[in-house]
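Participant: Quick one: this structure, given as C-alpha cells, is what I'll be asking you about.
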Amino acid sequence: MRVREAELMATESPDLDYEPATSTTPQTDVAISVRGLRKTYGDHEAVAGVDLDIARGEIFALLGPNGAGKTTTVEILEGYRRRDAGEVSVLGVDPAKADARWKSQIGIVLQGKGGDSELTVAETVRVQASYFADPRPVEEVVGLVGLTEKLKARASSLSGGQQRRLDVALGIVGRPRLLFLDEPTTGFDPEARRQFWELIRQLRALGTTMLLTTHYLDEAEALADRVGVIAAGRIVEVAVPAELGGRHLAPARVRWVEDGRQREETTATPTAVIQELSKHLGGEIPELSVLRPSLEDIYLQMIEEPA
Ligand code: ATP
C-alpha cells in the first residue's frame with residue numbers, strides 16, 4: 001500500500017494533443033511487458049528478476065504478502081520509480097523515458113489523493129479533468145463511482161469508502177487506456193465493494209486494461225482474468241484464478257449424511273462419487289456438499305513455500 005502526495009499529472013499540459021492510439025504505441029496485443037526486472041534498496045533486493053506480460057483489455061491482479069515487491073514493481077511500470085535492471089514496456093513505451101502523451105493514457109488510483117481537500121467532490125474531479133484534453137464529463141465520472149449525491153460535499157467530509165471512490169474517479173477521469181489500482185477497496189463496506197467491482201467490469205467493457213494489487217482473494221477471483229503471485233521479489237506463478245496452484249486438479253472433499261452420521265470422501269472424481277452415492281442411497285443424497293480448496297487456501301500454501 002502507498003500514499004503518494006505528488007500528483008501524477010501535475011506536469012501535464014492542459015492542452016495536450018491526446019489521441020486514444022498514438023504513433024508511439026505499436027498496435028500490439030500486449031499492454032505491459034516486463035523482462036528481468038530488478039530493484040534493490042541498499043542491500044535488499046525488493047524485485048529480484050520479474051517477468052510479466054499483461055494483454056490489452058485484461059484485468060490482472062498482483063497478489064503477494066506485505067513487502068513482496070508489488071508496489072515497487074507497479075511504481076516502476078507507472079514511471080515513478082527507476083529500475084536497476086531489466087526491460088519494461090508499457091503501452092509500447094519505456095516508462096523511464098515516457099512523455100506527457102504517454103502519461104495521459106495512464107490512470108492511477110492512489111490512496112487518499114483527494115480526500116483531505118477543502119474542495120467539493122465536483123471541484124476536485126474538475127481540477128483533475130483539466131489536465132486532460134478529452135476528459136470524461138465530471139458528472140459522468142462522479143455517477144460512475146456512485147457519488148452523485150455528494151457532488152457538492154467537501155471531499156474532506158466523505159467517509160473512508162467514499163474517499164476511495166473519489167480516488168477512483170480521479171484515476172479514470174482522463175479516459176485512461178491502462179489503469180493501475182493499488183488495493184482499491186481497502187476500507188470499503190461489502191456493498192460498496194460489490195458496486196466497485198461492477199464499476200471495474202464496466203471499465204473493462206470499455207476496453208480499459210487494469211493492473212490491480214489486492215490482499216482480498218475474493219476480489220482477485222471476482223475481477224481478474226489472471227492473477228500473478230509475487231513473493232520475496234519473484235513471481236511464483238501466473239494463472240487464471242480457477243487454475244492457480246493446480247487448484248482445478250486438487251482433490252475435492254465430498255460430504256454427506258448417511259444413517260444420521262456425517263460422512264466424507266476425498267476424491268479426484270467427485271461427480272463419479274456422487275453418482276455412485278445417489279444410486280446407493282436411492283436418489284437424493286442428504287446434506288451433500290463438495291469442497292475444493294479456495295483461492296485463499298492455495299495462495300497461503302504458495303507464499304509459505306515459494307518456488
Ligand atoms: P505491501 O503489500 O505491504 O504494500 P509490497 O508487496 O507492495 O507490500 P513493496 O512496497 O514493493 O512491497 O516493498 C518491497 C520491499 O522493499 C520491502 O521489504 C520494503 O521494505 C522495501 N522498500 C520499499 N520501498 C522502499 C524504499 N523507498 N526504500 C527502502 N526500502 C524500500
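Participant: Within the set of pairs 6 or more residues apart or between chains, which connect a residue that is more than 17 Å from Glu221 (Cβ to Cβ) and buried (at least 17 other Cβ atoms within 10 Å of the Cβ) inside segment 173-202 to a residue that is at pLDDT below 85 and not acidic (Asp, Glu) with Cβ atoms less than 6 Å apart?
Facilitator: Close Cβ pairs satisfying both conditions: Ala192/Gly161.
Participant: Still on this structure, I have one more. Taking the stated definitions as given, is Gln262 out of contact with any helix residue (DSSP H, G or I) (no Cβ under 6 Å at 6 or more places or on another chain), polar (S, T, N, Q) and under 26 Å from Leu158 (Cβ atoms)?
Facilitator: no
Participant: Let me ask something else about it. Out of everything in segment 251-270 that is loosely packed, with under 14 Cβ neighbours inside 10 Å and among the small types (Gly, Ala, Ser), what residue ends up being nearest to Glu221 (Cα to Cα)?
Facilitator: Ala268
Participant: Residues that are over 26 Å from Ala129 (Cα atoms) and free of Cβ contacts under 8 Å to residues at least 24 places away in the same chain: does segment 90-109 have at least one?
Facilitator: Looking for residues that are over 26 Å from Ala129 (Cα atoms) and free of Cβ contacts under 8 Å to residues at least 24 places away in the same chain, one finds none in segment 90-109, hence no.
Participant: A further question on this structure: Looking at (1) within 16 Å of the ligand (Cβ to nearest atom); (2) of a type in the set (Gly, Ala, Ser); (3) modelled with pLDDT of 95 or more; (4) in contact with a helix residue (DSSP H, G or I) (Cβ under 7 Å, 6 or more places away or on another chain), which is the one condition that is false for Gly112?
Facilitator: Just one mismatch for Gly112, condition (3).
Participant: Pick from segment 79-103 the residues that are touching a Lys or Arg at 6+ places or on another chain (Cβ under 9 Å) and in a loop (DSSP other than H, G, I, E, B): which of them is nearest to the ligand (Cβ to nearest atom)?
Facilitator: So the residue we want is Arg81.
Participant: Can you list residue pairs whose Cβ atoms sit under 8 Å apart, with the first residue in segment 46-58 being more than 16 Å from Val238 (Cα to Cα) and touching a residue at least 60 places away in the same chain (Cβ under 8 Å) and the second being outside any strand (DSSP E or B) and of a type in the set (Asp, Glu)? Count only pairs 6 or more apart in sequence or on different chains.
Facilitator: Pairs that qualify, where the first residue is more than 16 Å from Val238 (Cα to Cα) and touching a residue at least 60 places away in the same chain (Cβ under 8 Å) and the partner is outside any strand (DSSP E or B) and of a type in the set (Asp, Glu), are Arg56/Asp29.
Participant: Yes or no: segment 152-162 includes at least one residue that is over 21 Å from the mean Cα position of the chain (by Cα) and either crowded, with 22+ Cβ neighbours inside 10 Å or part of a strand (DSSP E or B) (or both).
Facilitator: For segment 152-162, residues over 21 Å from the mean Cα position of the chain (by Cα) and either crowded, with 22+ Cβ neighbours inside 10 Å or part of a strand (DSSP E or B) (or both): present.
Participant: For segment 207-307, please list each of the helices (runs of 4 or more DSSP H) lying entirely inside it that holds at least 2 residues being farther than 18 Å from Gly64 by Cβ and not aliphatic (A, V, I, L, M).
Facilitator: 270-281
Participant: Looking at (1) free of Cβ contacts under 8 Å to residues at least 40 places away in the same chain; (2) surrounded by 12 or more Cβ atoms within 10 Å (Cβ to Cβ); (3) under 30 Å from Gly49 (Cα atoms), find the lone condition where Val273 falls short.
Facilitator: Going through (1) free of Cβ contacts under 8 Å to residues at least 40 places away in the same chain; (2) surrounded by 12 or more Cβ atoms within 10 Å (Cβ to Cβ); (3) under 30 Å from Gly49 (Cα atoms) one by one, Val273 breaks only (3).
The values are calculated or read from the model by the stated rules, or taken from the named source; none is laboratory data. This structure is a prediction, so every number in the text was calculated from the model and none was measured. Here the Cβ is made from the backbone with ideal geometry for all residues, glycine too, and neighbour counts use every protein chain on show.
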